[in-house]
Amino acid sequence: MLPQRGQNLKVISVSINGEVRQFDNSISVATLLEQMQLTGKRIALERNGEILPRGQFNQQLLADGDRLEIVVAVGGG
Amino acid sequence: MNKDTLLIAGKSYNSRLLIGTGKYKDFSETQAAVEASGAEIITIAIRRSNIGQNPNEPNLLDVLPPSKYTLLPNTAGCYSADDAVRTLRLARELLNGHSLVKLEVLGDPQSLYPNVVETLAAAKTLVADGFQVMVYTSDDPIIAKQLEDIGCVAIMPLASLIGSGMGILNPWNLQLIMDRVQVPVIVDAGVGTASDAAIAMELGCHGVLMNTAIAAAQQPVLMASAMKQAVEAGRMAFLAGRMPKKLYSASPSSPTSGLIN
């Protein structure tokens with residue numbers, strides 16, 4: 001999954017909670033969360049319809065076209 | 001006498017009042033109402049997080065820590081089995097593997113009436129996936145029994161529509177459900193004021209779940225306290241066993257002899 005040495009970086013598009021953002025393809029989920037100031041927050045994350053366990057945030061790199069859902073607990077009945 | 005507790009999925013609860021955390025003015029009012037209600041099981045919803053636009057957004061779980069309360073994530077707003085299952089898988093990840101959940105699959109946004117076909121399908125998937133499912137449903141006794149057979153740990157029929165405050169509209173159906181299922185029956189939705197909660201408990205329901213009745217009261221914290229007492233009073237009245245109803249009383253409360261002349 002890691003980019004090969006010398007590989008040119010290319011811009012990728014990722015949908016996060018329905019909003020499309022562009023990133024460098026070497027970005028990990030953990031780095032993304034850090035950029036959004038969500039590191040350590042009580043969140044859960046789904047990538048392309050599958051739960052991504054917290055323990056994998058560091059290893060998992062985002063790919064072009066990924067769809068992420070990041071959720072929190074809110075008041076509800 | 002053994003302590004009268006509510007047993008759900010092998011865990012005992014002292015309070016038979018379950019409350020939701022929606023529609024409060026702010027988290028401090030939510031916290032005060034939860035405290036006043038004495039509820040141990042608190043429902044929460046799962047929604048998209050901010051993605052950087054509001055980094056200091058307060059988090060409900062900081063106010064209602066999972067160490068203190070049994071948090072019951074719901075699937076409010078889900079209209080299909082697939083959406084409900086996805087939501088609860090996210091909730092389980094969010095709550096570190098916590099598997100007790102409230103399943104509700106709605107039929108339409110006007111009535112918020114449950115779609116029992118989708119509810120049954122979602123319940124099957126969730127039970128197979130290891131969830132302990134407390135299920136919101138209509139007051140149909142046949143569906144209630146099917147949900148129990150699937151393996152749901154509590155059946156939660158509506159007393160009237162969500163958020164309507166119309167009270168217990170069909171006590172006979174609630175009774176039919178209680179006659180048929182072994183797991184706890186918890187009235188979910190429709191309670192408007194304290195007497196509604198007491199009536200549900202007097203019927204023999206094992207608990208009452210409410211949100212709007214407290215949150216939309218003029219003084220939510222005071223209403224939370226009223227609901228606590230209503231649920232306790234209704235439960236005690238059920239256990240005590242009410243006197244039979246009689247059109248005419250043939251037995252006065254005071255002695256019939258020794259009257260002055």
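Values in this text are rule-based calculations from the coordinates and carry no lab data. The model shown is predicted, which means the values in this text are computed figures rather than measured ones. Neighbour counts are summed over all protein chains in view; Cβ atoms, including those assigned to glycine, are modelled from backbone coordinates with ideal geometry.
Shape class of the range B:1-113 from the Cα gyration tensor (axes a ≥ b ≥ c, square roots of the eigenvalues): oblate, since a/c reaches 1.5 or more and a/b does not exceed b/c. Computed over the alpha-carbon atoms, chain B gives an Rg to Rh ratio of 1.04, Rh here being the Kirkwood radius from the mean inverse distance. Relative contact order, whole percent, for chain A stands at 38, derived from Cα pairs under 8 Å and 6 or more residues apart. May I ask what percent, to the nearest 5, of DSSP beta bridges between residues of the protein assembly as shown are antiparallel? Roughly 50 percent of the beta bridges in the protein assembly as shown run antiparallel, per DSSP. Taken over the alpha carbons of the range B:63-110 as equal point scatterers, the Debye sum produces base-10 log I(q)/I(0) values at 0.13, 0.25, 0.29 Å⁻¹ of -0.32, -0.88, -1.05.
Summarising the amide proton neighbourhood of B:Thr75: residues at separation of 5 or more, or on other chains, whose placed amide H is nearer than 5 Å comprise B:Glu104. In whole Å, what is the distance between the alpha-carbon centres of the range B:39-57 and the range B:91-153? Between the Cα centres of the range B:39-57 and the range B:91-153 lies a distance of 22 Å.
In terms of Cα atoms, the Rg and Dmax of chain A work out to 13.2, 53 Å. The residue list B:Val127, B:Ile142, B:Trp172 was ranked by how far each Cα lies along the charge dipole of the range B:101-245 toward its positive end, using unit charges on Cβ atoms, and B:Trp172 comes out on top.
This model, with +1 at the C-beta of Lys and Arg and -1 at the C-beta of Asp and Glu, gives the protein assembly as shown a dipole about its Cα centre of some 500 debye. Ellipticity at 222 nm from helices only: DSSP H runs of n ≥ 4 in chain B, each -39500 (n - 2.57), divided by the residue count, give -11000 deg cm²/dmol. What is the angle, in °, between the Cα long axis of helix B:171-180 and the longest principal axis of the Cα atoms in chain B? Nearest 10 is fine, range 0 to 90. Taking the Cα atoms of chain B, the angle to B:171-180 is about 70 degrees.
Under 5 Å between amide hydrogens, built in the peptide plane, is the criterion, and for B:Ser164 it picks out B:Gly190 among residues at least 5 positions away or on other chains. Compared with the dominant principal axis of the Cα atoms in chain B, helix B:116-128 is inclined by about 70°.
Applying a threshold of 32 Å to the alpha-carbon distances of B:Lys25/B:Lys245; B:Lys3/B:Lys145; B:Lys145/B:Lys228; B:Lys102/B:Lys245; B:Lys3/B:Lys25; A:Lys41/B:Lys11 flags B:Lys25/B:Lys245; B:Lys102/B:Lys245; B:Lys3/B:Lys25 as lying beyond it.
Rg over Rh for the range B:1-62 works out to 1.10, using Cα positions for both radii and the Kirkwood form for Rh. Shown here are the Rg and Dmax of the Cα trace of the protein assembly as shown, at 23.9, 115 Å.
Extension gain for the segment B:Leu239 to B:Asn54, taken as residue separation times 0.36 nm less the Cα-Cα distance, is 61.6 nm to one decimal. The label-point distance for A:Gln35 and B:Lys11, in a model that sets each label 7 Å from Cα toward Cβ, rounds to 3.8 nm.
Couplings 3J(HN,Hα) of the range B:210-223, computed from phi: 8, 9, 4, 4, 8, 5, 9, 5, 4, 10, x, 5, 5, 5 Hz, in residue order, whole Hz [Karplus 6.51 cos²θ - 1.76 cosθ + 1.60, θ = phi - 60°; x for Gly and Pro].
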